[in-house]
Amino acid sequence: MSKKLSHYDHSGRARMVDVSAKSPTKREAEASAFVVLKPKVVKALPKNPKGDPLEVARLAGIMAAKRTADLIPMCHPLPLSHVDVRMRLCENGVAIASKVSTTAVTGVEMEALMAASIAALTVYDMCKALDKGIEIREIVLERKSGGKSGDYRRARKKK
């Protein structure tokens, strides 16, 4: 692990990391989030007058990944090769998984996290009329590959 935070200069000011000397490589990242819904909200999802909340959230996640550099100050704009956001309805909510890939000089972890986060927020937005107590939990990086820091896979929690 790095001994210092890379987004700060020697004076402690925030900076965008200079990646101009790096070579493009294949990079992927996967992230996930979970939206806790009460059973009555899960049951009402197919009848939502705003449209299919899961499809709207899936599209919002894809759009968010593409706009990450516009919202996270030190992120580099990246040419994304692929963005996939999947929604799985569970009895207690919605499991969200995102996968982002590129061939670039820096990774796509933030894009994957952004996709999962915004998809989760969109589920909230689409369902808030039924329950203001919806919870968004466990927005995490699941896996990343490529780049100087190598591969990462989140350790599974022991139950």
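Confirm whether S11 is more than 24 Å from S149 (Cα to Cα) and without any contact (Cβ under 8 Å) to a residue 40 or more places away in the chain.
Working: more than 24 Å from S149 (Cα to Cα): yes; without any contact (Cβ under 8 Å) to a residue 40 or more places away in the chain: yes.
Yes.
Those residues that are of a type in the set (K, R) and within 20 Å of S101 (Cα to Cα), I need them from the range 8-31; list them, please.
Of everything in the range 8-31, those that are of a type in the set (K, R) and within 20 Å of S101 (Cα to Cα) turn out to be K22, K26, R27.
Looking only at the range 26-63, count how many residues are out of contact with any Gly (no Cβ under 8 Å at 6 or more places or on another chain), open to solvent by less than 70 Å² (accessible area, probe 1.4 Å) and among the hydrophobic types (A, V, I, L, M, F, W, C).
Residues that pass the stated criteria total 10.
Can you pull out every residue in the range 82-106 that is under 16 Å from G147 (Cα atoms), among the small types (G, A, S) and either at pLDDT 95 or above or under 13 Å from the mean Cα position of the chain (by Cα) (or both)? Talk me through it step by step, then tell me what you get.
Filtering the range 82-106 for residues under 16 Å from G147 (Cα atoms) gives 100-106.
If we keep only those that are among the small types (G, A, S) as well, we get 101, 104.
Scanning the range 82-106 gives a single hit, S101.
Let's see how each residue does on (1) within 20 Å of I72 (Cα to Cα); (2) open to solvent by 80 Å² or more (accessible area, probe 1.4 Å); (3) not acidic (D, E):
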residue	(1), (2), (3)
E111	yes, no, no
V123	no, no, yes
L130	no, yes, yes
L141	yes, no, yes
G146	no, no, yes
S149	no, yes, yes
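So which residues in the range 86-108 are in contact with a strand residue (DSSP E or B) (Cβ under 7 Å, 6 or more places away or on another chain) and either closer than 13 Å to V35 by Cβ or small (G, A, S) (or both), if there are any at all?
Start the filter on the range 86-108 by keeping residues that are in contact with a strand residue (DSSP E or B) (Cβ under 7 Å, 6 or more places away or on another chain), which leaves 86-88, 92-104, 107-108.
Of everything in the range 86-108, those that are in contact with a strand residue (DSSP E or B) (Cβ under 7 Å, 6 or more places away or on another chain) and either closer than 13 Å to V35 by Cβ or small (G, A, S) (or both) turn out to be M87, R88, N92, G93, V94, A95, I96, A97, S98, S101, A104, G107.
Can you work out which of the residues in the range 1-25 that are basic (K, R) and open to solvent by 100 Å² or more (accessible area, probe 1.4 Å) is modelled with the highest pLDDT?
Here is the first cut: in the range 1-25, the ones basic (K, R) are 3-4, 13, 15, 22.
Right, trim to open to solvent by 100 Å² or more (accessible area, probe 1.4 Å) and you get 3-4, 13.
Numbers: K3: 64, K4: 66, R13: 75.
So the residue we want is R13.
Would you tally the residues in the range 109-139 being among the aliphatic types (A, V, I, L, M) and out of contact with any strand residue (DSSP E or B) (no Cβ under 6 Å at 6 or more places or on another chain)?
Of the range 109-139, the ones among the aliphatic types (A, V, I, L, M) are 110, 112-116, 118-121, 123, 126, 129-130, 134, 136, 139.
Keeping just the survivors that are out of contact with any strand residue (DSSP E or B) (no Cβ under 6 Å at 6 or more places or on another chain) gives 110, 114, 118, 121, 126, 129-130, 134.
The total comes to 8.
Tell me which residues, restricted to the range 71-103, are touching a residue at least 60 places away in the same chain (Cβ under 8 Å), within 21 Å of R27 (Cα to Cα) and of a type outside the set (K, R). Outline the logic, then answer.
Here is the first cut: in the range 71-103, the residues touching a residue at least 60 places away in the same chain (Cβ under 8 Å) are 74, 76, 94-103.
Those still in the list that are within 21 Å of R27 (Cα to Cα) too: 74, 76, 96-103.
M74, H76, I96, A97, S98, V100, S101, T102, T103 - these are the residues of the range 71-103 that are touching a residue at least 60 places away in the same chain (Cβ under 8 Å), within 21 Å of R27 (Cα to Cα) and of a type outside the set (K, R).
The values are calculated or read from the model by the stated rules, or taken from the named source; none is laboratory data. Since the model is a prediction, treat every value here as computed from it, not as a measurement. Neighbour counts run over all protein chains shown; Cβ positions are idealised from the backbone, glycine included. Side chains included, ligands, DNA and RNA excluded: accessible areas come from the protein's heavy atoms. Shrake-Rupley method; radii C 1.70, N 1.55, O 1.52, S 1.80 Å.
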